[in-house]
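J.: Before I ask anything, let me first share the structure, which is written out below as structure tokens.
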Amino acid sequence: MFEPQDKARVFALAPGVDFPHALVDGLTTRTSDNGPLALARVELIVNTRRMARRIRALFDAGPATLLPRIRLVTDLGEDVALDRIPPAVSPLQRRLELVQLVARFLDAAPDFAPRSALYDLADSLAALLAEMQGESVPPDRIAELETEDQSGHWARTTAFLSIVQQYCDASHAAPDPEARQRRIVEHLAQKWKTFPPTHPVIVAGSTGSRGTTQLLMQAVAKLPQGALVLPGFDFDMPEALWAELDDAALAEDHPQYRFRTLMRGLDLAPVDIRPWSAAPPPCPARNRLISLALRPAPVTDQWLRDGPMLKGLDTATRGVTLVEAPGAREEALAIALRLRQAAEDGQKAALITPDRMLTRRVTAALDRWSIKPDDSAGEPLQLSPIGRLMRHVAVLFEERLTAESLLTILKHPLTHSAAGRGDHLRLTREFELHLRRKGPPYPDARAVRAWGAAQGAEDWASWVADTFTGRELPGDLAFTTRLEAHLNLTMLAVQGSDSSVEAHLWAQADGQAAKHLIDALLEAAPAGGALSAYDYADLFGAVLSGGEVREVETPHPDILIWGTLEARVQGADLLILAGLNDGNWPEAPSPDPWLNRKMRLEAGLLLPERRIGLSAHDFQQAVAAQEVWLTRATRSDEAETVASRWLNRLTNLLAGLPKQGGAAALEAMRDRGRHWLALAAATEDTAEARAVPRPAPRPPVAARPRKLSVTEIQRLIRDPYAIYARHVLKLRPLEPLMRTPDALVRGIVTHDVMERFIKDSVAGAPLSRDRLIDTARAVLEAKVPWPAARLMWLARLERVADAFLSDERRRRETGDPVAFERDGALPMTAPEFALTCQADRIDRGATGGLRIYDYKTGAPPSKDRQTHFDKQLLLETVIAENGGFSGLEPAPVETACYIGLGTRPGEVPAPIGEEPPEKVWAEFRALIASYLSPDQGFLSRRAMFEARESGDYDQLARFGEWDITQEPVAEDLT
């Protein structure tokens with residue numbers, strides 16, 4: 001197939017060429033004159049399964065022929081005797097072993113890193129070990145690195161790395177996949193020196209970015225019938241510039257750096273790299289432009305010399321559109337519009353980006369036109385239904401069950417999906433309303449069963465109680481034990497309350513992917529050691545994050561979403577390179593907790609810029625396609641973005657060549673992008689909505705409330721619309737599932753403390769500080785499930801205890817408590833209405849008069865606020881003097897005051913002298929008569945205490961479309 005030659009045989013294809021297609025054409029041409037068996041004798045080694053599938057598909061398209069032997073680099077071990085190189089250990093098992101080592105290391109050196117970093121450290125250590133084995137870097141070389149370590153961090157790091165030295169030992173019984181691959185390649189290279197294969201052996205599509213792969217490529221290139229076919233080789237870069245790529249510290253982020261390393265290893269010059277086929281790139285002028293734009297950073301000044309020699313910039317950029325969107329949403333919508341146009345025109349179009357959030361936005365935008373793209377990456381397993389459910393279930397083992405976590409699981413689409421899903425959703429809804437209104441925030445089995453008995457849903461409630469409550473598993477347990485408990489609980493959740501039905505947990509595509517991963521976990525579980533519930537949940541989530549789910553439904557055949565890896569082996573009419581912002585494409589290098597950049601260079605490991613260089617090579621190949629879109633968002637959710645360094649270089653080069661038409665070409669690229677952004681904006685354009693006026697609804701008199709409590713009168717005065725929404729529309733704001741220790745809860749608990757303490761003192765208990773604090777501690781322990789809130793509220797009460805007790809002793813000198821939390825009511829006629837209340841405390845004075853007290857944990861209302869708005873105590877005075885409190889005869893009220901228990905303890909009296917009961921009652925009757933009149937509307941936000949104060953029904957009133965300066969518009973309701 002190949003003529004003999006002294007030098008290694010290396011071919012290449014230019015950027016933009018459809019590599020698999022050109023590879024197949026070249027193979028066919030070179031073997032066409034040697035008979036039908038010539039192609040079958042070729043051994044073709046490729047680096048990805050996608051590449052192998054594409055090559056087979058091209059051969060399948062015809063004409064009929066015998067196929068070459070297509071193999072993967074990772075399959076070469078099939079030719080090696082297993083007794084010589086044993087099978088590789090499971091990567092998951094190795095990771096579990098490393099987790100144990102890292103955990104013990106952190107236990108011995110807790111100042112090295114927080115416990116929460118356990119799995120990130122294990123992952124980075126696994127990556128480091130794989131790199132050491134792939135690049136043939138022994139641990140001794142790392143230990144011998146010279147470093148000025150004043151803190152002792154490097155000493156601890158080298159000590160830890162010495163613990164895992166066993167995994168780098170060639171005699172290890174179960175080598176890592178990277179170590180095994182290295183040994184296989186070394187074995188083959190040594191064997192080929194003595195017994196070289198006589199048939200053609202070709203390594204195609206690899207850049208040699210890994211040491212093991214490059215070792216294989218060098219061995220194949222030196223075979224009598226061996227050859228390499230490199231993808232995306234820059235034939236336009238001058239030969240003198242290749243020498244600038246010799247320094248890895250300066251050039252590893254260049255797209256052609258790996259080829260320079262390969263040429264040095266094979267003692268080749270750039271002129272020795274020959275084209276594999278005659279297939280030209282789609283746009284040679286663009287290849288020259290990109291080659292100059294991406295020249296190594298130290299020689300970027302050559303733009304001034306070589307830039308004026310560039311010709312045909314209008315031709316080079318004619319098929320390029322530059323979209324600089326103001327935000328990520330606009331970028332996604334413009335891309336979706338272009339993909340829709342491609343679908344209508346029958347054009348094959350591919351979106352290429354490493355930004356998965358952007359691809360999700362584009363997919364959502366395409367859904368409005370019922371276009372489902374073929375996404376090669378699929379959906380992350382952790383975000384699939386089964387992945388989310390299993391992560392939620394894992395949390396149950398960590399800590400006490402909360403209402404929020406319980407309802408999260410009950411509402412999951414897979415929960416109770418085996419049978420009776422409809423009844424389950426109905427009961428879940430009723431149970432959620434109960435938890436929001438009455439709690440508890442931490443439901444236990446007793447509370448769940450009690451609710452089920454009251455609702456006639458005993459079976460369902462028993463299933464909930466038995467399955468989800470009391471599942472905490474503290475302490476360290478074997479990984480196998482935790483995994484089995486996790487799987488069993490997940491199965492019970494899916495099965496539901498009917499134990500006779502079978503749960504099909506693994507039936508769907510996501511279930512099958514999860515089953516494959518869990519089977520691997522079960523096999524590797526013995527290596528997991530003992531873990532806490534928190535560590536297990538973190539580990540399981542990290543393992544899930546590495547899985548993917550491919551949808552079964554048929555996507556659109558011509559609308560594709562690729563990662564950069566898929567783009568290397570596929571071809572399309574239109575390529576959209578999206579998310580071209582620095583930190584995204586290229587991605588920022590991951591932090592390395594073990595070795596810095598200088599130490600990596602000295603040890604012979606890969607530099608952080610390696611990934612940037614690979615991304616640069618992907619960009620150079622993709623941007624050379626026939627039609628290309630380059631898109632970015634100029635602003636993210638938080639701040640302005642920075643354009644990708646490659647896009648920045650391209651635009652700067654064009655802008656600096658106005659005489660060659662570069663500036664005009666750049667402006668034309670942007671104009672094409674602005675056109676599509678304008679179309680995207682047009683699709684989002686909606687008719688301006690008319691703002692509603694300030695509401696003042698007038699419901700029928702018969703529908704208006706006929707009973708209010710004294711605490712609601714302030715709301716009627718300040719925000720009548722809230723009374724309308726609550727009592728006429730019967731709307732109640734939903735309480736949060738997890739009640740926070742807010743002012744309302746604190747007030748209720750403090751009232752309980754005071755009631756119990758004063759009742760005990762009436763029964764003979766001392767009015768002492770210790771007694772008050774003990775009472776408070778007991779009430780808080782029983783009714784406040786938040787430890788931090790208990791401590792804080794008890795401390796606040798301790799600060800005001802002395803002042804309260806001093807005032808309480810003075811109050812006892814003038815009266816004795818006779819009623820606590822006493823209900824009261826006072827009806828009236830013409831109009832018919834009832835005023836209700838519940839007094840915190842009523843004392844009877846020595847002369848028979850009544851003294852009304854109300855506890856306030858916040859600031860008590862001032863005299864003016866009580867006169868005009870907060871009429872609670874004034875109205876309670878009216879009720880008391882008219883005999884409205886059950887068990888208390890009518891009597892004059894001597895005093896009514898608030899007892900402050902907040903930052904300023906003391907008493908704030910109600911102005912009953914200036915606002916006598918007769919006046920208060922007359923004003924109240926007039927107020928109620930007004931709101932029972934058909935002409936009176938319930939105005940929204942009539943007199944709020946502060947303009948910034950929010951109300952429960954502001955959204956219903958559409959506050960914000962109007963403000964308080966606007967005149968209300970009354971609306972008669974029927």
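No value in this document is a laboratory result; all are computed from the given coordinates. Note that this is a predicted model, so its numbers are computed, not measured. Here the Cβ is made from the backbone with ideal geometry for all residues, glycine too, and neighbour counts use every protein chain on show.
J.: Label points 7 Å out from Cα along the Cβ direction at Asp25 and Glu688: separation in nm?
T.: Going from the Asp25 label point to the Glu688 one covers 5.8 nm.
J.: Can you compute the radius of gyration and Dmax for region 735-931, using only the Cα atoms, both in Å?
T.: Rg and Dmax of region 735-931, Cα atoms, are 17.7, 53 Å.
J.: Under 25 Å from the Cα of Lys191, which lysines turn up, not counting those fewer than eight places away in the same chain?
T.: Lys7, Lys222
J.: Please give the contour-minus-distance gain from Glu914 to Asp592: 0.36 nm per residue of separation, less the Cα-Cα distance, rounded to one decimal in nm. Numbers along the way, then the final one.
T.: Working: separation 322, 0.36 × 322 = 115.92 nm, distance 7.50 nm.
Answer, rounded to one decimal: 108.4 nm.
J.: Set the Förster radius R0 to 35 Å, insert the Cβ-Cβ distance between Asp444 and Leu731 as r into 1/(1 + (r/R0)^6), and round the FRET efficiency to 0.05.
T.: Details: r = 31 Å, r/R0 = 0.89.
That gives a FRET efficiency of 0.65.
J.: While we're looking at this one, here's another question. Could you give the distance between the Cα centres of region 320-340 and region 927-974, to the whole Å?
T.: So the two Cα centres are separated by 44 Å.
J.: What's the local net charge at Ala14, with K and R +1, D and E -1, over the other residues with C-beta under 13 Å away?
T.: Values: positive: Arg274, Arg286, Arg288; negative: Asp18, Asp234, Asp236.
Here the charged neighbours net out to 0.
J.: Please compute the Kirkwood hydrodynamic radius of region 622-689 from all pairs of different C-alpha atoms, in Å with one decimal. Before the final figure, lay out each step's value.
T.: Numbers: mean 1/r = 0.0701 Å⁻¹.
Mean inverse Cα-Cα distance, inverted, gives 14.3 Å.
J.: Still on this structure: Calculate log10 I(q)/I(0) of region 381-549 for q = 0.08 Å⁻¹, where I(q) comes from the Debye formula with a single equal point scatterer on each Cα and nothing for solvent.
T.: Log-scaled intensity ratios, in q order: -0.24.
J.: Enter the angle in degrees (range 0 to 90, nearest 10) between the Cα long axis of helix 662-684 and the first principal axis of the Cα atoms of the chain, meaning the one along which they spread out most.
T.: Helix 662-684 sits roughly 40 degrees off the main axis of the chain.
J.: Rounded to the nearest 10 degrees, what's the angle between the helix 421-438 long axis and the longest principal axis of the chain, both from Cα atoms, 0 to 90?
T.: 50 degrees
J.: Here's something else I'd like to know. Between 0 and 90 degrees, rounded to the nearest ten: what's the tilt of helix 787-814 against the longest Cα principal axis of the chain?
T.: Tilt relative to the chain: about 10 degrees.
J.: Rg to Rh ratio, region 455-517, alpha-carbon atoms and Kirkwood radius? Write out the running numbers ahead of the final one.
T.: Values: Rg = 14.1 Å, Rh = 13.6 Å.
Expressed as Rg/Rh, it is 1.04.
J.: Starting from the Cα of Lys659, draw a straight line to each of the lysines and keep only those under 16 Å, dropping any in the same chain fewer than 8 residues away.
T.: Cα-Cα hits under 16 Å: Lys311.
J.: Which residues does a label at Met491 reach in region 540-576, if reach means a backbone N under 13 Å from a point 7 Å past the Cα toward the Cβ?
T.: No residue passes the distance filter.
J.: What's the center-to-center distance, using Cα atoms, between region 680-703 and region 591-607 in Å?
T.: Between the Cα centres of region 680-703 and region 591-607 lies a distance of 61 Å.
J.: What spacing in nm lies between the two simple spin-label points modelled at His199 and Ala795, each 7 Å away from Cα in the Cβ direction?
T.: 7.9 nm
J.: Expressed in nm to one decimal, what extension gain is obtained for the pair Ala453 and Leu304 from 0.36 nm per residue of sequence separation less their Cα-Cα distance?
T.: On the way: separation 149, 0.36 × 149 = 53.64 nm, distance 8.43 nm.
Between Ala453 and Leu304, full extension yields 45.2 nm more.
J.: For Ala947 and Asp671, what is the calculated FRET efficiency with R₀ set at 51 Å and r taken between the beta-carbons, to the nearest 0.05?
T.: On the way: r = 47 Å, r/R0 = 0.93.
Efficiency, from the Cβ-Cβ distance: 0.60.
J.: Which translational diffusion coefficient, to the nearest whole µm²/s, is obtained for region 17-106 from the Stokes-Einstein equation, given a Kirkwood hydrodynamic radius over C-alpha pairs, 20 °C and 1.002 mPa s? Kindly include the intermediate steps, with their values, before the conclusion.
T.: Details: Rh = 16.3 Å.
For the chosen part, D equals 132 µm²/s.
J.: Among Met217, Met263, Met1, what is the fewest-to-most ranking by other Cβ atoms within 10 Å?
T.: On the way: Met217 25, Met263 20, Met1 15.
Listed from fewest to most nearby Cβ atoms, that is Met1, Met263, Met217.
J.: Separate question: Only counting other Cβ atoms within 10 Å, I'd like Trp451, Trp506 sorted with the fewest neighbours first.
T.: Numbers: Trp451 20, Trp506 14.
In order of increasing Cβ crowding within 10 Å: Trp506, Trp451.
J.: Please tell me which of these pairs span more than 27 angstrom C-alpha to C-alpha: Lys411/Lys707; Lys438/Lys707; Lys759/Lys863; Lys863/Lys919? Could you put the intermediate results ahead of the total?
T.: Numbers: Lys411/Lys707 38 Å; Lys438/Lys707 23 Å; Lys759/Lys863 29 Å; Lys863/Lys919 16 Å.
From Lys411/Lys707; Lys438/Lys707; Lys759/Lys863; Lys863/Lys919, over 27 Å: Lys411/Lys707; Lys759/Lys863.
J.: Which one, Gly849, Ser862, Thr877, is farthest towards the positive end of the dipole of region 839-892 when Lys and Arg carry +1 and Asp and Glu -1 on their Cβ?
T.: Of the listed residues, the answer is Ser862.
J.: Can you sort Arg69, Arg318, Arg437 from fewest to most other Cβ atoms within 10 Å of each residue's own Cβ? Before the final figure, lay out each step's value.
T.: Numbers: Arg69 13, Arg318 16, Arg437 10.
With the fewest neighbours first, Arg69, Arg318, Arg437 line up as Arg437, Arg69, Arg318.
J.: Find how many whole Å separate the alpha carbon centroid of region 3-39 from the alpha carbon centroid of region 475-497.
T.: Measuring centre to centre over Cα atoms gives 55 Å.
J.: Report the Cα-based extents of the chain along its three principal axes, largest first, to the nearest Å.
T.: Projected onto the principal axes, the Cα atoms of the chain cover 125, 63, 63 Å.
J.: What FRET efficiency comes out for the pair Thr481/Ala763, r = Cβ-Cβ distance, R0 = 51 Å, nearest 0.05? Intermediate results must be reported in sequence, preceding the final value.
T.: Details: r = 53 Å, r/R0 = 1.05.
Efficiency at R0 = 51 Å is approximately 0.45.
J.: For a quick check of your reading of the filter: which trypsin sites (Lys or Arg not before Pro) in region 873-974 sit in a DSSP loop and have no more than 10 other Cβ atoms within 10 Å?
T.: Working: sites: Lys919, Arg925, Arg941, Arg942, Arg948, Arg958; in loops: Arg941, Arg942, Arg948, Arg958.
In loop regions of region 873-974 (DSSP not H, G, I, E or B), the sparsely surrounded trypsin sites (Lys or Arg not before Pro) are Arg948.
J.: May I pose another question? Given the Cα-Cα distance of Leu679 and Met738 and 0.36 nm per residue of separation, how much length would full extension add, in nm? List each step's numbers first, then the result.
T.: Details: separation 59, 0.36 × 59 = 21.24 nm, distance 4.49 nm.
Gain in length upon complete extension: 16.8 nm.
J.: Quick check: pseudo-label points 7 Å beyond the Cα along Cα→Cβ at Ser136 and Thr867, how many nm apart are they?
T.: So the two model labels end up 9.5 nm from each other.
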